[in-house]
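Scroll down for the structure; my scribbles are underneath it.
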Amino acid sequence: MGDPAFGTQLHEKPPEDQLDSWKEIAAYLGRDVTTVQRWEKYEAMPVHRHVHDKRSSVYALTSELDAWRRGRKPRLDENNQPQAQQERRSPAAASSEPTSKSGSPLLLRRWLAVAATVAIAIAVVAVADVMLHRHTLVVARPKIRSLAVLPLKNMTGDPSQEYLADGMTDALIGRLSGIHDLRVISRTSVMRFKNPQISVPEIAKTLQVDAIVEGSLMRDGNRIRVTAQMIRASTDEHFWSQTYDRELRDVFTVQSELAQSIAEKVEVTATGAAHERLAAAHPVAPEVYESYSRGEFALNKSSSKAELEASIPYFEDAINRDPGFAPAYVGLANAYSNLGTVFIGGSAEETRPKVVSAAERALELDPNLAEALVLLASTKQKQWHWADAEADYRRALELDPNSAAAYEGLALWLACQGRADEAVASAERGRELDPLGVSFEDFGWTLFQTRHYDQAIRELRAAVAARTDDFGALMDLGFVLIANNQPGDAVPVLEKAVAMSNRSPGALGILVRAYAHAGRRSDALRLLVELKRRRNTGYAPAGALVNAYLGLGENEEAFVWLEQAYKEQSNMLQFVKVHPYFDPIRNDPRFADLVRRVGLG
């Protein structure tokens with residue numbers, strides 16, 4: 001921030017080779033405005049849009065136009081005009097031309113008539129061919145039905161400003177996700193290409209999209225410059241670019257206009273409520289947006305309890321500064337939701353009310369926040385409010401048909417009901433939208449709960465290979481390997497997860513099971529002592545002890561802790577109807593009663 005060179009850039013004079021209107025561009029190319037506008041639309045002639053506050057204009061650089069013109073193939077309607085139209089003579093010149101050998105004016109007139117007829121025929125054929133060629137050009141380009149927004153580059157020169165570029169990327173993805181006719185890849189997948197080592201066509205192929213949006217963000221004080229361009233995957237053609245210079249308080253306006261421009265360029269229609277959400281923009285105080293963006297950045301980077309807790313003060317600061325700023329409540333709900341998982345080890349009794357309170361407040365301020373609905377649905381599911389949870393998931397998908405999180409949440413809801421085929425189908429849809437992100441893990445977990453063990457192992461091994469520091473993927477892989485009678489393979493995976501999580505109680509509980517099934521009972525009992533000590537001196541979820549005792553085959557003790565898990569509304573009990581680890585006690589009347597009390601009997 002505060003770079004004087006950049007402050008000068010924002011207000012500097014245009015470069016000498018810049019043409020600042022359609023009229024100047026047309027004059028430079030020696031054509032009329034209609035022609036050059038057609039070239040831009042159909043032949044990817046490089047024309048840029050530059051937006052300053054309320055004013056929008058086009059500009060082009062002569063160096064780019066020259067390069068484009070050198071590589072362009074001339075069209076028939078520009079080079080094959082009839083000779084009669086290219087060389088018009090005056091009547092005097094025509095009268096001085098020799099006649100036929102016979103000198104007959106009649107024969108000369110007949111010859112000219114025939115020549116004119118032939119010329120007209122040639123012109124008609126040429127025009128028809130041009131029209132056919134134009135039609136072919138339009139039809140040959142497949143419509144863009146999917147795209148990925150790559151992480152915007154931080155051009156501030158200050159790594160501490162990375163959160164602004166990431167925040168703009170997230171916001172743009174979020175806005176475009178609301179368009180039903182467009183598949184938009186989730187942020188957790190595109191963040192894999194923050195500093196890509198492969199080309200844009202290769203990225204597009206990996207993500208299976210038709211187009212890529214890339215860009216950059218610069219900042220000077222409270223003024224930002226955002227530049228974006230769109231590239232067609234099949235041809236590596238840059239067919240749209242735009243630049244915005246704005247105050248930071250107008251950041252939501254920039255996000256809105258960028259999203260609308262992209263939607264218009266890929267020729268998708270967002271109607272009614274979807275268009276309203278796409279266009280929604282309101283000013284926000286720079287310090288509020290700063291705190292919120294820093295919170296999101298910390299939350300997305302977190303993999304431990306301490307890192308998650310570090311994100312919370314940023315969201316709280318944004319809320320204190322502006323109690324009406326809905327996105328900050330969503331961030332706060334997300335942080336508490338992650339804290340309350342069995343593997344992180346936060347108390348569900350403490351975190352869930354905070355998730356519900358923050359998510360509901362966000363929805364009061366903005367009923368169209370799909371992410372808040374997903375967080376609310378997930379919490380209701382863990383509290384066994386099954387009908388309400390399903391309604392919130394489906395409403396979230398109405399608002400955001402590209403929400404991988406909503407598809408993944410609904411998949412788990414369906415799995416809990418025992419609707420295995422529907423669960424897998426929903427999880428697969430989530431994976432399509434997030435092919436390289438957390439959907440690997442969530443898809444693998446759904447496959448585990450629906451007992452597709454071999455496929456789950458493949459998915460989760462791929463997730464671990466792609467993200468070696470992903471604690472959740474390691475834990476899920478350990479679960480499935482044990483269920484697939486591979487406890488020896490599960491042990492090193494779970495040991496790594498335990499170490500990575502600072503010996504999370506949830507991770508310890510499942511490692512007890514792995515040791516016991518691998519014939520290492522003494523190691524299992526040693527960990528059990530540690531786990532019980534953690535329970536006595538601090539917080540350890542009852543579900544961790546359920547897993548440990550079931551793994552050791554001590555079913556009576558498992559029932560004791562299942563009752564405690566019921567009182568805690570343990571996360572694991574949402575899967576009580578289908579979880580493979582409950583099979584040894586499934587026929588016990590006490591277990592059938594537990595399933596009924598959870599609302600799944």
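The values are calculated or read from the model by the stated rules, or taken from the named source; none is laboratory data. What you see is a predicted model, and the numbers here were worked out from it, not measured in a lab. Neighbour counts run over all protein chains shown; Cβ positions are idealised from the backbone, glycine included.
Looking at the structure I just gave you, is P401 without any contact (Cβ under 8 Å) to a residue 24 or more places away in the chain and outside any helix (DSSP H, G or I)? The answer is no for P401. Residue-level check: of (1) within 26 Å of A548 (Cα to Cα); (2) free of Cβ contacts under 8 Å to residues at least 40 places away in the same chain; (3) in a helix (DSSP H, G or I), G472 misses just (2). Give the stretch 326-365 a look and list any residue that's modelled with pLDDT of 95 or more and in a loop (DSSP other than H, G, I, E, B), or say none. If the condition is that a residue be modelled with pLDDT of 95 or more and in a loop (DSSP other than H, G, I, E, B), then no residue fits. Just one of the listed residues (V226, V213, V268) is assigned to a loop (DSSP other than H, G, I, E, B) and either without any contact (Cβ under 8 Å) to a residue 60 or more places away in the chain or closer than 30 Å to Q37 by Cβ (or both), namely V268. Scanning the stretch 169-201 for residues that are touching a strand residue (DSSP E or B) at 6+ places or on another chain (Cβ under 9 Å) and of a type in the set (V, I, T) gives T169, I173, V184, I185, V190, V200.
Residues are listed down the side, and each one gets a yes or a no for (1) aliphatic (A, V, I, L, M); (2) closer than 19 Å to S186 by Cα:
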| site | (1), (2) |
| --- | --- |
| R395 | no, yes |
| L412 | yes, yes |
| R419 | no, no |
| S439 | no, yes |
| L447 | yes, no |
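As for the stretch 354-365, it holds no residue that is touching a residue at least 40 places away in the same chain (Cβ under 8 Å), surrounded by fewer than 21 Cβ atoms within 10 Å (Cβ to Cβ) and farther than 26 Å from E316 by Cβ.
For the stretch 295-307, state whether one or more residues are assigned to a helix (DSSP H, G or I), over 24 Å from the mean Cα position of the chain (by Cα) and in contact (Cβ under 8 Å) with a residue 24 or more places away in the chain. Yes - at least one qualifying residue is present in the stretch 295-307. Against the test of being surrounded by fewer than 18 Cβ atoms within 10 Å (Cβ to Cβ) and touching a helix residue (DSSP H, G or I) at 6+ places or on another chain (Cβ under 6 Å), the options G553, G601 yield a single qualifying residue, G601. Quick one: is V512 in contact (Cβ under 8 Å) with a residue 40 or more places away in the chain and of a type in the set (A, V, I, L, M, F, W, C)? Judged against the criteria, V512 is a match.
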